[in-house]
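Trainee: To start, I am sharing the structure in question, which I have written as structure tokens.
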Amino acid sequence: MSMPTPFMADRRIGKALANLLMRNHIWVFLTLAILVFSFSSPYFLTLNNLGNVLTQGAFIGILAVGMTMVMINGEIDLSVGATLALASALAIGLQDSIGVWPAVFTGFLSGVALGALNGTLVALSGMHSFIVTLGALIGIRGLVFVYSGENALMVTDFSYTEYPEIYLGPVSLTAIIFFALALFFQWVLTSTRHGRETYAVGDNIEAANDAGIKIKRHKVINFTICGAMAAIAGILLSMRLGTAEPNAGRIWELWTIIAVVLGGTRLIGGFGNMWMTIGGVLTLAVLRNGLRLLNTPNYVELMVMGGVLILALSLDKLLAHKGVH
Amino acid sequence: MDTVLSVSKVTKTFPGVKALDAVSFDIRAGEVHALVGENGAGKSTLMKVLAGLHAPDGGEIIHQGEPIRVNSPLEARRRGILLIHQELSLSPELSVAENIYLGAWPTNALGVLRKRKLRRDAQAALDALGSDIRPESRVGDLSIARQQMVEVARAQAFNANVAIFDEPTASLTDAEKDQLFKTIRALQDRGVGVVYISHKMDEIFEITDRITVLRDGQVQGTVETAETDVGSITRMMIGRELESYFHRAQEKFGDEALRVEGLTKAGLFSDVSFSVRAGEVLGLYGLVGAGRSEVVETIFGVRQADSGKLFWQGQEVSFPTPRQAIDMGLSLVPESRKEQGLVLNMGGRENTSLPHLLDFSRMTVMDRAKELRTFDEYRALLEIKTTGPEQPVSTLSGGNQQKFVLAKWLCAAPKLIILDEPTRGIDVGSKSAIHELIAGLAEKGLAVIVISSEMPEVLGISHRVLAMAEGRLVAEFKETEMSEENLINAVSRHKPTPALTMTAAE
């Protein structure tokens, strides 16, 4: 649209600002949350507590790294919570028969295999990933119960639980792994052919197809990454808890999706990145931690979280409208 | 000149239709070859066969001397056959450079992108076309014209020997069109065979060397552009003589239907005042981006004005949402059929009754018999070619889709109908039918406002023409003063600077 000249300069600055806010709204939100909790609880802004926030957030965070890949690709994976439970159960349950590290490796492979299976089913059947992975969510959870005999599996060698007790200052190994994975996959997204083509497929699948991009291959790869991330989160969780609950990771797929979307990654694909996801994950973790420090009853916490999610997304929508059109 | 691509006796059948019937034609290196025909004549099918999107059932395609079978767009592109889509085939979130080389990004052995090479190569392709687009810009931030240039740069980057342009000027302003033509000539000078598909005769006669006419899936003939004229091409396309291309309604004006006073919306248009009477066809001419659509959308309640007044049949009114406007008897037929006008997966029956479900239902239960009666009535009235009330409109030709858009708004029996680019992208025969229809509506006492970028159309069907430029009404012409020259003068005096048109969004 062409418009009178005097408006142009003003509009352009405003537009750039709105764009910046629109694309980074999650950090504004995170800052606000940190400010609010710092003033309302004396325990919040301590090194120890912030370290805890990172560790608590890292599990959802690692799941969110895989979910971001899948979502930018234009798909969704609902089975990450169940995959996490399976990997965790295998990593602990197999230790007595095949040893600690082979068990961990098997747990990891189970995630990779299930991710690849999800991806292949989505790519070959043409079914929507929502349906495919909803089936996987139910089926894998069933498998976990069958494998564990409906009981929590316990480690016998407690040195297993000491692995994640490595700290860099207040930052736990789990949190370090989350950040390392996020940074690595951010690099994959921006600098590798697979990463950029993931955007191309999610953004305009027809254009990608016409350009000869191998859509199915990218989908399989991203679901495999997502499964692998779920397995890593599951293994780290089993190390931290020393047990594998068959119910572990229940509805975590929802928290993961919330974290990713909260960050600003687009649910329909083509837009987003790991920085946004880190922002979303941290915001979610800060909210949970802060509300707990304030002794908020569990269910009130859920209500607040739900409200915040909708608020953050409406803010995103509002800024998006002002920014571009 | 050498023949770069030749098509011989290519046949393609879809269920129930022979889309291409032993089609033969050839493209020479360095020529611009127009492919014309009414909608449904087989142009798009032929183009898709060439670009590897459809496999032909029979016949042969010979490219640079050897018979080929292209079964994917990638394969076609490797051979240097590139299609510049009407609906652009770009990823808005990716950069210009990434889009130019989409699917063929340079990487090292580990699959890591060679970003600098990508950028450099893209820059070279853009430079060769004389374009100042920056390779790192996000494609979604570019105007349609510049996005199209990105697709053309693709042809340059892949060293195309055949470039197929499908309706490339459908959403361009005149300045942008000139720029595009310059680019096409640059490709031509480099020996690229250009196929140019368009409905716009003036463009075809401006840029092409030869014209191939298709009708009902068959080639009617290939002629040198210099040795023919619009009349004979039109005759070849429709197989009959069009007595008069335009139909102007007889003048039987009634009372004033709508008056607009000082309508202003910051950044879009300002101080727009006009009126239209019952039985009158008012043309609204202007370049794309002049604010025409925004004005009528504001009248209709899609947007809210900052200031200004509306009078409907003498009474001051305001329309907070389109619902109030519809209830008063206004109809707006929007510009883009696919985005605003039709639910593509629904059939003609549902599309026709969609905005008026209250009239088609009893206590919220749909009256299907009434819907079907209305559908049949409009199918007959507008001569819509469809297999039945449930055929999804997505499978109809552009002309027939447009007729359903009209049907949908006409069955509300409006008193004022606003038509935004009613004949954009549809073939000559359907155009003429729609013009006739518009004249018929006015003669029945409707007030009609027609927005069009096609000057002959505006001049041919309106009783009065308003010219718009840069968000302002710049001139008004009565029937006796209407001429292409006057219109061009009126809008070009206010033509925005090129820099402005280039950077402006949308």
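Trainee: Is it the case, given these coordinates, that B:Ser131 is of a type in the set (Ser, Thr, Tyr), touching a residue at least 24 places away in the same chain (Cβ under 8 Å) and within 14 Å of another protein chain (Cβ to nearest Cβ)?
Mentor: Numbers: of a type in the set (Ser, Thr, Tyr): yes; touching a residue at least 24 places away in the same chain (Cβ under 8 Å): yes; within 14 Å of another protein chain (Cβ to nearest Cβ): no.
So B:Ser131 does not fit the description; no.
Trainee: On to the next question. Pick from B:Arg116, B:Arg120, B:Arg154: which is of a type outside the set (A, V, I, L, M), outside any loop (DSSP other than H, G, I, E, B), closer than 25 Å to A:Thr192 by Cα and in contact (Cβ under 8 Å) with a residue 60 or more places away in the chain? Give the derivation first.
Mentor: On the way: B:Arg116 fails: in contact (Cβ under 8 Å) with a residue 60 or more places away in the chain; B:Arg120 fails: in contact (Cβ under 8 Å) with a residue 60 or more places away in the chain.
Of the residues listed, the single one that is of a type outside the set (A, V, I, L, M), outside any loop (DSSP other than H, G, I, E, B), closer than 25 Å to A:Thr192 by Cα and in contact (Cβ under 8 Å) with a residue 60 or more places away in the chain is B:Arg154.
Trainee: Where residues in region A:160-172 are loosely packed, with under 13 Cβ neighbours inside 10 Å and either among the hydrophobic types (A, V, I, L, M, F, W, C) or assigned to a helix (DSSP H, G or I) (or both), which of them is farthest from the chain's Cα centre (by Cα)?
Mentor: For region A:160-172, the residue satisfying everything is A:Glu162.
Trainee: For residues that are away from chain A (no Cβ under 14 Å), without any contact (Cβ under 8 Å) to a residue 60 or more places away in the chain and polar (S, T, N, Q), tally how many sit in region B:262-289.
Mentor: Of the residues in that region, 1 qualify.
Trainee: Yes or no: region B:261-268 includes at least one residue that is under 27 Å from B:Ile438 (Cα atoms), modelled with pLDDT of 85 or more and surrounded by 15 or more Cβ atoms within 10 Å (Cβ to Cβ).
Mentor: If we filter region B:261-268 for residues that are under 27 Å from B:Ile438 (Cα atoms), which is where we start, we get B:261, B:263.
From what's left, modelled with pLDDT of 85 or more: B:261, B:263.
Adding the requirement that they be surrounded by 15 or more Cβ atoms within 10 Å (Cβ to Cβ) leaves B:261, B:263.
Yes, because at least one residue in region B:261-268 is under 27 Å from B:Ile438 (Cα atoms), modelled with pLDDT of 85 or more and surrounded by 15 or more Cβ atoms within 10 Å (Cβ to Cβ).
Trainee: Mind telling me which of the residues B:Leu354, B:Leu372, B:Leu406, B:Leu381 ends up being part of a helix (DSSP H, G or I), of a type in the set (A, V, I, L, M) and surrounded by 22 or more Cβ atoms within 10 Å (Cβ to Cβ)? Let's see the steps before the verdict.
Mentor: Values: B:Leu354 fails: surrounded by 22 or more Cβ atoms within 10 Å (Cβ to Cβ); B:Leu372 fails: surrounded by 22 or more Cβ atoms within 10 Å (Cβ to Cβ); B:Leu381 fails: surrounded by 22 or more Cβ atoms within 10 Å (Cβ to Cβ).
Step by step, each of B:Leu354, B:Leu372, B:Leu406, B:Leu381 is checked, and only B:Leu406 is part of a helix (DSSP H, G or I), of a type in the set (A, V, I, L, M) and surrounded by 22 or more Cβ atoms within 10 Å (Cβ to Cβ).
Trainee: So B:Thr183 fits all but one of (1) assigned to a helix (DSSP H, G or I); (2) free of Cβ contacts under 8 Å to residues at least 40 places away in the same chain; what number is the exception?
Mentor: Every condition holds for B:Thr183 apart from (2).
Residue-wise test of (1) within 13 Å of chain A (Cβ to nearest Cβ); (2) among the basic types (Lys, Arg); (3) farther than 23 Å from B:Leu214 by Cα.
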position: B:Glu31; (1), (2), (3): no, no, no
position: B:Lys43; (1), (2), (3): no, yes, no
position: B:Gln64; (1), (2), (3): no, no, yes
position: B:Gly80; (1), (2), (3): no, no, yes
position: B:Ile84; (1), (2), (3): yes, no, no
position: B:Ser89; (1), (2), (3): yes, no, yes
position: B:Gly111; (1), (2), (3): yes, no, yes
position: B:Arg120; (1), (2), (3): no, yes, yes
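Trainee: Tell me, which residue of region B:96-109 that is part of a helix (DSSP H, G or I) and more than 7 Å from every other protein chain (Cβ to nearest Cβ) is nearest to B:Ser6 (Cα to Cα)? Walk me through it before giving the result.
Mentor: Restricting attention to region B:96-109, the residues satisfying the condition of being part of a helix (DSSP H, G or I) are B:96-100.
Subsequent filtering for residues that are more than 7 Å from every other protein chain (Cβ to nearest Cβ) retains B:96-97, B:99-100.
On the way: B:Val96: 32, B:Ala97: 32, B:Asn99: 29, B:Ile100: 27 Å.
Across region B:96-109, the extreme among qualifying residues is B:Ile100.
Trainee: Residues being free of Cβ contacts under 8 Å to residues at least 60 places away in the same chain, over 16 Å from B:Asp427 (Cα atoms) and in a helix (DSSP H, G or I): count how many of those fall in region B:206-230.
Mentor: Matching residues across region B:206-230 total 3.
Trainee: On to the next question. In region A:152-159, is there at least one residue being of a type outside the set (A, V, I, L, M, F, W, C), buried (at least 18 other Cβ atoms within 10 Å of the Cβ) and touching a residue at least 60 places away in the same chain (Cβ under 8 Å)?
Mentor: No: region A:152-159 contains no residue that is of a type outside the set (A, V, I, L, M, F, W, C), buried (at least 18 other Cβ atoms within 10 Å of the Cβ) and touching a residue at least 60 places away in the same chain (Cβ under 8 Å).
Trainee: Looking at B:Gly279, is it at positive phi and either modelled with pLDDT of 80 or more or assigned to a helix (DSSP H, G or I) (or both)? If you could, list the steps in order and put the result at the bottom.
Mentor: Working: at positive phi: yes; either modelled with pLDDT of 80 or more or assigned to a helix (DSSP H, G or I) (or both): yes.
Against the criterion (at positive phi and either modelled with pLDDT of 80 or more or assigned to a helix (DSSP H, G or I) (or both)), B:Gly279 qualifies.
Trainee: So, one more: Can you confirm whether B:Glu75 is assigned to a helix (DSSP H, G or I), at pLDDT 90 or above and not hydrophobic (A, V, I, L, M, F, W, C)?
Mentor: Here the answer is no, as B:Glu75 does not meet what is asked.
Trainee: Of the residues B:Glu176, B:Glu93, only one is within 14 Å of chain A (Cβ to nearest Cβ), in a loop (DSSP other than H, G, I, E, B) and buried (at least 21 other Cβ atoms within 10 Å of the Cβ); which? Quick ask: steps written out before the conclusion?
Mentor: On the way: B:Glu176 fails: in a loop (DSSP other than H, G, I, E, B).
Exactly one residue qualifies, and that residue is B:Glu93.
Trainee: Report yes if A:Thr68 is closer than 23 Å to A:Met276 by Cα, away from chain B (no Cβ under 14 Å) and at pLDDT 90 or above, otherwise no.
Mentor: It is true that A:Thr68 is closer than 23 Å to A:Met276 by Cα, away from chain B (no Cβ under 14 Å) and at pLDDT 90 or above.
Trainee: Provide a single number: the residues in region A:250-294 that are within 14 Å of another protein chain (Cβ to nearest Cβ) and part of a helix (DSSP H, G or I).
Mentor: 1
Trainee: Specify which of the listed residues (A:Gly242, A:Gly212, A:Gly202, A:Gly195) is at positive phi and within 14 Å of chain B (Cβ to nearest Cβ).
Mentor: Numbers: A:Gly242 fails: within 14 Å of chain B (Cβ to nearest Cβ); A:Gly202 fails: at positive phi; A:Gly195 fails: at positive phi.
That would be A:Gly212, the only listed residue that is at positive phi and within 14 Å of chain B (Cβ to nearest Cβ).
The values are calculated or read from the model by the stated rules, or taken from the named source; none is laboratory data. Note that the structure is predicted; figures quoted are calculated from it, not measured. A quick note on method: Cβ atoms are made from the backbone with ideal geometry, for glycine too, and the neighbour counts reach across all protein chains shown.
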